[in-house]
Amino acid sequence: MAGAKLWLLLLLAGAFAGPAAALWPWPQYIQTSDWHYTISPHSFQFKYHVRSAAQSGCSVLDEAFQRYRDLLFGAESWQRPALTGEQHTSEKDSLVILVVTPGCDQLPSLESVENYTLTINNEQCFLLSETVWGALRGLETFSQLVWRSPEGTFFINKTEIEDFPRFPHRGLLLDTSRHYLPLHSILDTLDVMAYNKFNVFHWHLVDDSSFPYESFTFPELTRKGSYNPATHIYTAQDVKEVIEYARLRGIRVLAEFDTPGHTLSWGRGVSGLLTPCYSGSQPSGTFGPVNPILNSTYEFMNTFFLEVNSVFPDFYLHLGGDEVDFACWKSNPDVQAFMKKKGFGNDFKQLESFYIQTLLDIVSAYGKGYVVWQEVFDNKVKVLPDTIIQVWREEVPVSYLKELALITEAGFRALLSAPWYLNRISYGPDWEDFYRVDPLSFEGGPEQKALVIGGEACMWGEYVDSTNLVPRLWPRAGAVAERLWSNKVVTDPDFAFKRLAHFRCELLR
Amino acid sequence: MEPRALRPPRLPGLLAALALLLAAQGPRASAARGPALWPLPLSVQTAPRVLHLSPDAFHIANDPLSQAGASCTLLQEAFRRYQNYIFGGPVLKHLPAKSRVKADVQQLLVSVVLDSECEMYPSITSDESYSLVVKEPVAFLKANRVWGVLRGLETFSQLVYQDTYGTYTVNESTITDSPRFPHRGILIDTARHFLPVKSILKTLDAMAFNKFNVLHWHIVDDQSFPYQSTTFPELSNKGSYSKSHVYTPNEVRSVIEYARLRGIRIIPEFDSPGHTQSWGKGQENLLTPCYGGHQPEISGPINPTLNTTYSFLCKLFKEISWVFPDQFIHLGGDEVEFECWESNPNIQKFMKQKGFGTDFRQLESFYMQKLLNIISTLKKGSIVWQEVFDNHVKLQQGTVVQVWKEEMYTNDLSAVTAAGFPVILSAPWYLDRISYGQDWRIYYAVEPLDFSGTQEQKKLVLGGEACLWGEYVDSTNLSPRLWPRASAIGERLWSGKEVRSLDDAYKRLTAHRCRMVRRGIAAEPLFTGYCDNVLK
């Protein structure tokens, strides 16, 4: 690693020779020179190498070629340049793509390989990758390398890049319950995620405030639980569109159905699901978390998650499990009786564990893996060894780094979100704080570090809807994206500032 | 300054009435049902009786008795705008359409009582009062001047709501209204980031929805000089971010006219002697060369010791005085760094010669006084940031002081008004400073007259301004950062002192922000919830 560091620092010094070096996130290995080639928008094309496992007809790449063509040169048609008779030896008229492993119709997964190498020199203009997902990352990098002179000529510098992500799970959470986000907002976000090499869209679909997911097994959930069942919902078609749109950009859709807390909106459409709260000996008319003592609850969950399992193809589901408020359970005499019967005493964490364990059994029976918020681990719920624990609390019960140490010490995989709550805004360049975090700076052995599979930037929706989502997300989430993709030694905030400022302007374009 | 109208304490009853109206909608009703007035008028009497309106059987027109006729394009344009705002709501398809809505209110007749001022520019003394009577079959809006009509049209448009069937509905009501403060401003900063004209016009639209009447245009600063001067074209040629990041004379004129049509004044700020780095690029020898540093090229504030400085300022401000029709020009005068002046031997000599000793505030005062004199010979009034007052510059009577320093701003208000100067408050309303949560509540809770001083002193408070400085703001985030946070200040400056209930404000503001979204303003949410409509 020391050698790599030295090389990198040398590169950083010369990186701003031309506009070409404004890459985001910064690649693992890059060598670039001032020598550059012209690119003619008229004749330039993306081509499959004859030995590529992916060939014309590969939807992921065919569509990506079209997208990046438009991004690079706009949708306009370019005139053939006047023939001057003079041969442009320094012109690049194509980028040749070679994908080693076949597979264009699958979905990206946690295990997807995103490595690629990009070679632009006198002899070739060549993108080599193990999979189509790597090719997508390489195309993005290629598009960031192309620059334009004030006269309008397109150029690319002689460059050699070998790149791969530091972490396999690089996520962004959107919350469509506190405020509904129109479909186009989600799709636009997926576009920008791809520009930042994010690869997981964590979709916090439902919560206390509303239930916009249109369930076909329990249509009342949406009819009664959404803000407006005609306009503020995601139909099955919408969900399919999001998943496919994400797939074409190498992005997984990790759906979250958070229980047993954060479920007020569920209660409107499914009577008997939530715990009735009591004041004294009388029901108060308000409801708490999902009622964990009834068989009907688990029958409902069984059916509901069967549907979720079929709608969301990713291997993982997010089951939530955060912030369960015990006050309502405590107030309810039936719950109290159940606690006594089970021998839980006054420890409501055991009741929570009971619920979560039953739910996890249901979901794992469908052959799914799951992600849960850290409370599930903190409350010592027995979970399968391959459970992924997402750390979101900054200080409590312990600092997030300590929490990562504890989770990985127990042998679980971990995702970090605690320092990356983008909904929390403050005056000034707070992206620097997000950028400075190093997810592996906790005490633990290399096996423990290997269990940190990545992180997520979270944009909770209490104060966010489509009016302010974009400027609140970008470029702040970009800081997290680079932290999760680039080498650990890429930490210079000044160098980052220059590239990020440039990248922001590119996003606007 | 116009004396402010006395307000009888009628408001508690009104609040109760509004609360009942809102409560009657039920807990799951969207915020858009029922009228939500923002800012709350002086007096509202609303009857339970509801009247219906139909888009094809309603129009706004001049009353035959009005002093303003069809030739008053300001009103004609406003009528058309408000027709669209009133009926621009979503078509609620999922609910059974009522068969043919009977149009109870078919007309809003508008009458200007005194000379209309239709062709004039609004000013600090413009009369914005109006009264509104909504009844069957004709509603009446009456005002002394066109400015009051504009405010009244906005109020009328806010009274109309869609019931659960999507029918446009209005309650029988009587409203009389006038602003508490005559100066209700928004500051935008087009120097730290350039704002396209489109963004400025959008901001003017939203200002009108909130009854703001002053756009304080902080047009140039250290970072860039986007104002294209006809006298000194090099200022923007060399001082703007790029050739396309400028405001041409035509664009400035169109901003001023767009604002006038909405009853909004444009007050330009050309801040000096500090905050002028960008001026130096296009005007040689204007800035003070700094000495002693390792970088000889550094310059500081405007050089106050040269005659050429003042002849330049004279010409520049002469141009500004006729480009911008408002009676006032903002001269800045904030945050002057003395280090550079201190380092310069010629300035030191000048100080000695003038007998200023080492008190550079006296030098600053010397500069400001000369500048203020230039402005008064141009027959304009001046507004300055509070440092000019704090540093004891001799100010002419009527010079307006803007208080921006947050620590102890109430003391500053006392001091400025005790010295007899009119004052504008901004200190608690720096909207560029963002934080997590509902900071609008903090802006709303401010009471501008809550400082120690006599009645005479309180009368010197002209109003306030919400300031959105541009270090972290450009057209990508301007609207959601400004709205609805600035709306809280809009109501504080328009409505009665007693209108302070945060709960009631929350309900009305939630609905008001959805209304702004419906009218095309990307106003951000106050908290969890939804609007019937999404931003187009």
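In the range B:455-471, of all residues being away from every other protein chain (no Cβ under 14 Å) and not charged (D, E, K, R), the one that is farthest from residue B:411 (Cα to Cα) corresponds to B:466. Within the range B:324-345, if we keep just the residues that are surrounded by fewer than 17 Cβ atoms within 10 Å (Cβ to Cβ) and modelled with pLDDT of 95 or more, the residue that is farthest from residue B:255 (Cα to Cα) turns out to be B:327. Based on this model, can you work out whether residue B:257 counts as assigned to a loop (DSSP other than H, G, I, E, B) and free of Cβ contacts under 8 Å to residues at least 24 places away in the same chain? Answer is no for this residue.
Could you list, in sequence order, all residues of the range A:106-146 that are under 20 Å from the mean Cα position of the chain (by Cα) and in a loop (DSSP other than H, G, I, E, B)? Correct list: A:106, A:107, A:108, A:109, A:110, A:111, A:112, A:113, A:114, A:115, A:131.
For the range A:267-279, the criterion of being modelled with pLDDT of 95 or more, crowded, with 22+ Cβ neighbours inside 10 Å and within 14 Å of another protein chain (Cβ to nearest Cβ) is satisfied by at least one residue. Taken over the range B:503-524, the criterion of being farther than 15 Å from residue B:490 by Cα, within 14 Å of chain A (Cβ to nearest Cβ) and in contact with a helix residue (DSSP H, G or I) (Cβ under 8 Å, 6 or more places away or on another chain) is satisfied by B:515, B:519, B:520, B:521, B:522, B:524.
Listed here are the strands (runs of 3 or more DSSP E) enclosed by the range A:1-99 that have at least 3 residues being modelled with pLDDT of 90 or more and out of contact with any helix residue (DSSP H, G or I) (no Cβ under 8 Å at 6 or more places or on another chain): A:29-39, A:94-99. Among residues of the range A:168-185 being more than 12 Å from the chain's Cα centre (by Cα) and not polar (S, T, N, Q), the one that is nearest to residue A:93 (Cα to Cα) is A:184.
Has the range B:72-87 got at least one residue that is modelled with pLDDT of 95 or more and either within 14 Å of chain A (Cβ to nearest Cβ) or in a loop (DSSP other than H, G, I, E, B) (or both)? Within the range B:72-87, one or more residues are modelled with pLDDT of 95 or more and either within 14 Å of chain A (Cβ to nearest Cβ) or in a loop (DSSP other than H, G, I, E, B) (or both). Residues of the range A:317-336 that are surrounded by fewer than 21 Cβ atoms within 10 Å (Cβ to Cβ) and within 29 Å of residue A:413 (Cα to Cα): A:322, A:323, A:325, A:326. State which residue is farthest from residue A:316 (Cα to Cα) when the search covers only the range A:202-239 and only residues that are small (Gly, Ala, Ser) and within 13 Å of chain B (Cβ to nearest Cβ). The residue in question is A:230.
From the list B:495, B:435, B:426, the one residue that fits, being in contact with a Phe, Trp or Tyr (Cβ under 6 Å, 6 or more places away or on another chain), of a type in the set (Gly, Ala, Ser), at pLDDT 95 or above and not assigned by the TED database to the domain that holds residue B:124, is B:426. Taking every residue in the range A:407-435 that is more than 14 Å from chain B (Cβ to nearest Cβ) and more than 18 Å from residue A:378 (Cβ to Cβ) and pairing it with any residue that is in a strand (DSSP E or B) and of a type in the set (A, V, I, L, M, F, W, C), at least 6 positions away or on another chain, the pairs with Cβ-Cβ distances below 7 Å are A:420/A:457; A:420/A:458. Residues in the range B:472-499 that are more than 9 Å from chain A (Cβ to nearest Cβ) and either within 19 Å of residue B:527 (Cβ to Cβ) or under 13 Å from the mean Cα position of the chain (by Cα) (or both): B:482, B:484, B:485, B:486, B:487, B:488, B:489, B:490, B:491, B:492, B:493, B:494. The residue list A:430, A:465, A:494 contains one member that is closer than 21 Å to residue A:28 by Cβ and among the acidic types (Asp, Glu), which is A:494. Note on the range A:110-155: residues that are among the polar types (S, T, N, Q) and either buried (at least 23 other Cβ atoms within 10 Å of the Cβ) or in the same structural domain as residue A:485 (by the TED database) (or both) total 2. Screening the candidates B:169, B:164 for the property of being in contact with a Leu (Cβ under 8 Å, 6 or more places away or on another chain), assigned to a strand (DSSP E or B), farther than 30 Å from residue B:226 by Cα and not assigned by the TED database to the domain that holds residue B:223 yields one hit, B:169. Somewhere in the range A:439-447, is a residue under 23 Å from residue A:479 (Cβ atoms), exposed (fewer than 14 other Cβ atoms within 10 Å of the Cβ) and modelled with pLDDT under 95? Looking for residues that are under 23 Å from residue A:479 (Cβ atoms), exposed (fewer than 14 other Cβ atoms within 10 Å of the Cβ) and modelled with pLDDT under 95, one finds none in the range A:439-447, hence no. The residues of the range B:272-304 that are part of a loop (DSSP other than H, G, I, E, B), hydrophobic (A, V, I, L, M, F, W, C) and modelled with pLDDT of 95 or more amount to a single one, B:286. Kindly indicate whether residue A:190 is among the aliphatic types (A, V, I, L, M) and more than 14 Å from chain B (Cβ to nearest Cβ). Here the answer is yes, as residue A:190 does meet what is asked. Of the candidates B:335, B:342, the single residue that is under 35 Å from the mean Cα position of the chain (by Cα) and touching a residue at least 12 places away in the same chain (Cβ under 8 Å) is B:335. Got a sec? Which of A:250, A:288 is at pLDDT 95 or above, within 24 Å of the chain's Cα centre (by Cα) and farther than 20 Å from residue A:175 by Cα? The conditions single out A:250.
Flag set for residue B:536, criterion: modelled with pLDDT under 95 and out of contact with any helix residue (DSSP H, G or I) (no Cβ under 8 Å at 6 or more places or on another chain). Do the conditions hold for residue A:264, that is, is it free of Cβ contacts under 8 Å to residues at least 24 places away in the same chain and in the same structural domain as residue A:210 (by the TED database)? Spelling it out, it is not the case that residue A:264 is free of Cβ contacts under 8 Å to residues at least 24 places away in the same chain and in the same structural domain as residue A:210 (by the TED database). Being away from chain A (no Cβ under 14 Å), within 22 Å of residue B:209 (Cβ to Cβ), out of contact with any Cys (no Cβ under 9 Å at 6 or more places or on another chain) and modelled with pLDDT under 90 is a property that residue B:34 has. Going by the conditions given, is residue B:198 at pLDDT 95 or above, surrounded by fewer than 20 Cβ atoms within 10 Å (Cβ to Cβ) and closer than 20 Å to residue B:316 by Cβ? The answer is no for residue B:198.
Restrict the check to the range B:378-390 and report whether at least one residue is of a type in the set (Asp, Glu), outside any loop (DSSP other than H, G, I, E, B) and under 30 Å from residue B:306 (Cα atoms). Yes, some residue in the range B:378-390 is of a type in the set (Asp, Glu), outside any loop (DSSP other than H, G, I, E, B) and under 30 Å from residue B:306 (Cα atoms).
The values are calculated or read from the model by the stated rules, or taken from the named source; none is laboratory data. Only a predicted model underlies this, so the values are computations on that prediction, with no experimental measurement involved. Counting neighbours? That spans all protein chains shown, and the Cβs are built from the backbone with ideal geometry, glycine included.
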